[in-house]
Amino acid sequence: MAKQSIFRVYFSKLHRILSSFVENNGDTLFDEIARRAFVNNAFDGALTLLGILMGNVVLGEINPPTIISTGLGVCLAMGMSGTFGRYFSERAERKHALRQIEKYMFTDLSGSILEKESKKKVIVISLVDGLSPTIAAAIPLIPFILAQSMLITVNLSIILSFALDFSVLFVLGVFLGKLSNENIFLHGILVVGVGFVTGLVILFSSIFFA
């Protein structure tokens, strides 16, 4: 009886500690995942659009309608893939995590605050995962939309599109620098540098295989 009583006291304390930790730190854990999803996927979107721009420049076929349709198609594909792919994978992981917590805590978390918060975060993370590459890739397309509307010249749209793409990369670098409490300008330059190197690789590979 004494051992059972000690076990119950120990389990009760452990239950309170685990419950307190999960409820107090759940948002932070999920927010970290959302931040990583935002940066990773926005970076993918910006570099993907950079690849489309470089390919068209190398081929010498700067046709705004073609670039817009191709870019929007890529935006839609990345958005749908990111949103639903992340939703199903994140939902499965969260379900698994909840079942593990239930197993160790010997309790049913159905309808609990933790389960509701988990479902909400799955949706938020999925939207971040899908929207971040879509927006990052769509921003550099704006000059071509203006060129299609004959508000600016095609040559100017090319320059502005590259400038916007590298600006997106710079902002992502600044965000990472601020997040890590390091030099934001340096981080911005580093991420832009990665984009520049990627552009050169695409350029030389396109020339080599042309």
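Where a number appears in this text, it was derived from the coordinates with a stated rule and is not lab data. Note that the coordinates shown come from a computational prediction; the quantities given were computed from them, not determined experimentally. All Cβ positions, glycine included, derive from the backbone under ideal geometry; neighbour counts span all protein chains shown.
Label-to-label distance, Leu200 versus Glu117, with points set 7 angstrom from Cα along the beta-carbon direction: 4.7 nm. Full extension of the chain between Phe208 and Ala92 gives 37.4 nm of extra length, using 0.36 nm per residue less the Cα-Cα distance.
Modelled label positions at Asn40 and Ser149, each set 7 Å beyond Cα in the direction of Cβ, lie 3.6 nm from each other.
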